[in-house]
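The next block holds one structure in the form of structure tokens; read it before the comments.
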Amino acid sequence: VNAAAPIAITLPQATGSGEIYKFVIGVVATATSHTIKVANATDVMMGCSFVVTTTSTNVEGFATSATSDTISLNGTTLGGIVGDQIVIEDVATGIFAVMIKGSATGTEATPFSATV
């Protein structure tokens, strides 16, 4: 993901194919968030985000909820800093497994939401 302007990525429908999608942030997001969303109202994401904080050497974690279907990365509190990695695997019909390794600034917050 090599743009400061927001990029909207839509995953294909989750079918259990085992396909893996890996995204690496190459340019810090600015103004509005990059988003990665599922393709329909029935697919969900399961997993977590581990974020290194800038105010200490701690790692903070955020888990998805039962309805999470969107990842937002804003270049600050939600992650989206250069080098952040997002790995998404199509593990079952309607389910993507998600792992985010990243960093954030300010008061860190979950990048997961339900918007589809």
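The values are calculated or read from the model by the stated rules, or taken from the named source; none is laboratory data. None of these values were measured; they are calculated from a predicted model. As a convention, Cβ positions derive from the backbone with ideal geometry for all residues, glycine included, and neighbour counts pool all protein chains shown. Each accessible area value is taken on the protein alone, full model and side chains, heavy atoms only, with ligands, DNA and RNA left out. Shrake-Rupley method; radii C 1.70, N 1.55, O 1.52, S 1.80 Å.
How large is ³J(HN,Hα) for each residue in segment 2-12, as worked out from phi by the Karplus curve 6.51 cos²θ - 1.76 cosθ + 1.60 (θ = phi - 60°), to whole Hz, x for Gly and Pro?
Along segment 2-12, the couplings run 10, 8, 6, 5, x, 10, 10, 10, 10, 6, x Hz.
Give me the Debye-computed log₁₀ of I(q)/I(0) at q = 0.17 Å⁻¹ for the chain, equal point scatterers on Cα only, no solvent, two decimals.
Values, matching the q order: -0.75.
What's the ranking of 96-105, 7-16, 83-92 by average number of surrounding C-beta atoms within 10 Å, highest first? Present the calculation step by step, with values, prior to reporting the outcome.
Details: 96-105: 20.2, 7-16: 14.6, 83-92: 18.4.
Top of the packing list down: 96-105, 83-92, 7-16.
Suppose the chain between T30 and Q85 were pulled fully straight at 0.36 nm per residue; how much longer would it get relative to their current alpha carbon spacing?
On the way: separation 55, 0.36 × 55 = 19.80 nm, distance 1.73 nm.
18.1 nm is the gain from fully extending T30 to Q85.
How much net charge surrounds D69 when only the other residues with a Cβ under 15 Å from the Cβ of D69 are counted, with Lys and Arg +1 and Asp and Glu -1?
Numbers: positive: K37; negative: D43, D90.
Charge balance near D69 sits at -1.
How much area per residue is accessible in the chain when the probe is 1.4 Å and only protein heavy atoms are counted (Å²)?
Values: 5540 Å² over 116 residues.
Computed with neighbouring chains in place, this is 48 Å² per residue.
Please give, to one decimal in nm, the separation of the simple spin-label points placed at V59 and A3, each 7 Å out from Cα toward the Cβ.
For V59 paired with A3, the spin-label model returns 3.1 nm.
Taking 1 over the mean of 1/r across every pair of different Cα atoms in segment 1-42, what Kirkwood radius in Å do you get? Write down the numbers at each step before the final one.
Numbers: mean 1/r = 0.0850 Å⁻¹.
In segment 1-42 this quantity evaluates to 11.8 Å.
Would you mind telling me the share, in percent, of accessible area of the chain contributed by carbon and sulfur at probe 1.4 angstrom? Could the numbers behind the result be given before it?
On the way: 3310 of 5540 Å².
Result for the chain: 60 percent of the exposed heavy-atom area is carbon or sulfur.
Taking amide H positions as placed in the peptide plane 1.01 Å from N, state which residues far from G94 in sequence (5 or more) or on other chains have amide H under 5 Å from it.
Placed amide hydrogens put A14, T15, G16 under 5 Å from G94.
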